[in-house]
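J.: Handing you this structure, nothing more for now.
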Amino acid sequence: MGNWLFENNSDNSARYILGEKGSNPLVCVGINPSTAEPDNLDRTLTNVRTFSQIHGYDGWLMLNVYPQRATYPKDLHDELDKELHAANLEQIAAYLSKYKSVDIWAAWGTIINKRKYLASALKDIAEKLEDINARWVRIGKVSKYGHPHHPLYLSHKSPVESFDIEGYLKGV
């Protein structure tokens with residue numbers, strides 16, 4: 001690992017993609033990016049990297065439901081920025097279309113409830129990914145309310161299991 005992938009906007013207020021290249025990457029979908037960058041990973045992305053290695057992937061990629069950089073989810077925009085969301089969808093589709101198949105790790109936790117627009121943004125991402133051979137997975141059990149857990153709150157011994165994204169989206 002070590003060949004960085006990094007896509008952000010011109011003023012670095014949004015990050016679309018961060019990861020390390022591989023022919024079989026684990027693609028993690030969180031809620032929003034914080035301050036992590038190549039060679040300067042935060043605890044969440046250190047865990048994503050570790051899970052990818054433990055489970056036999058040769059790379060990893062972090063995507064987010066909403067690309068606004070905000071260390072704390074309470075600092076996310078109150079309303080969806082449509083241009084930012086459209087750019088996120090475009091980046092995700094462009095990058096993932098390169099793969100014949102890919103595992104998409106649902107890892108947003110209960111943070112999806114912080115803003116009303118987040119569930120809708122996730123639905124848009126899931127629709128974009130319908131055209132590729134994406135297998136939605138989770139690591140660890142889902143929360144009491146059915147949300148897949150955030151990477152910080154999982155044991156490294158947790159297995160990769162199938163995640164029913166269609167069923168989940170009907171409930172959010």
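The values are calculated or read from the model by the stated rules, or taken from the named source; none is laboratory data. All values derive from a computational prediction rather than experimental measurement. We place every Cβ from the backbone using ideal geometry, glycine too, and count neighbours over all the protein chains shown. Ligands, DNA and RNA are excluded from the accessible area calculation, which covers all protein heavy atoms including side chains. Shrake-Rupley method; radii C 1.70, N 1.55, O 1.52, S 1.80 Å.
J.: Would you check if there is a residue in the range 139-149 being over 18 Å from VAL48 (Cα atoms), part of a helix (DSSP H, G or I) and open to solvent by 50 Å² or more (accessible area, probe 1.4 Å)?
T.: From the range 139-149, those over 18 Å from VAL48 (Cα atoms) are 143-146; that's our starting set.
Narrowing further to those that are part of a helix (DSSP H, G or I): none.
No, that holds for no residue.
J.: Can you tell me which residue among ASP164, ASP131, ASP103, ASP124 is charged (D, E, K, R) and under 16 Å from SER52 (Cβ atoms)?
T.: Numbers: ASP164 fails: under 16 Å from SER52 (Cβ atoms); ASP131 fails: under 16 Å from SER52 (Cβ atoms); ASP124 fails: under 16 Å from SER52 (Cβ atoms).
None of the other options fit; the residue is ASP103.
J.: Here's something else I'd like to know. Go through the range 71-87 residue by residue and tally those that are of a type outside the set (Lys, Arg) and surrounded by fewer than 12 Cβ atoms within 10 Å (Cβ to Cβ).
T.: As a first pass, look at the range 71-87 and keep what is of a type outside the set (Lys, Arg): 71-73, 75-81, 83-87.
With surrounded by fewer than 12 Cβ atoms within 10 Å (Cβ to Cβ) added as a condition, the list becomes 71-72, 75, 78-79, 83, 86.
Matching residues across the range 71-87 total 7.
J.: Report, by residue number, each residue of the range 88-133 that is in contact (Cβ under 8 Å) with a residue 40 or more places away in the chain, open to solvent by 30 Å² or more (accessible area, probe 1.4 Å) and among the small types (Gly, Ala, Ser).
T.: SER120
J.: Between ASP81, ASP103, which is modelled with pLDDT of 95 or more and closer than 22 Å to ASN9 by Cβ?
T.: On the way: ASP103 fails: closer than 22 Å to ASN9 by Cβ.
Exactly one of ASP81, ASP103 is modelled with pLDDT of 95 or more and closer than 22 Å to ASN9 by Cβ, namely ASP81.
J.: I'm trying to understand the selection: among the residues of the range 135-147, which are under 22 Å from TYR95 (Cβ atoms) and in contact with a helix residue (DSSP H, G or I) (Cβ under 7 Å, 6 or more places away or on another chain)?
T.: Those that are under 22 Å from TYR95 (Cβ atoms) and in contact with a helix residue (DSSP H, G or I) (Cβ under 7 Å, 6 or more places away or on another chain): TRP136, ILE139.
J.: Would you check which residues across the range 28-67 are in a loop (DSSP other than H, G, I, E, B), open to solvent by 60 Å² or more (accessible area, probe 1.4 Å) and among the β-branched types (Val, Ile, Thr) and list them?
T.: Listed by number, the list holds a single entry, THR35.
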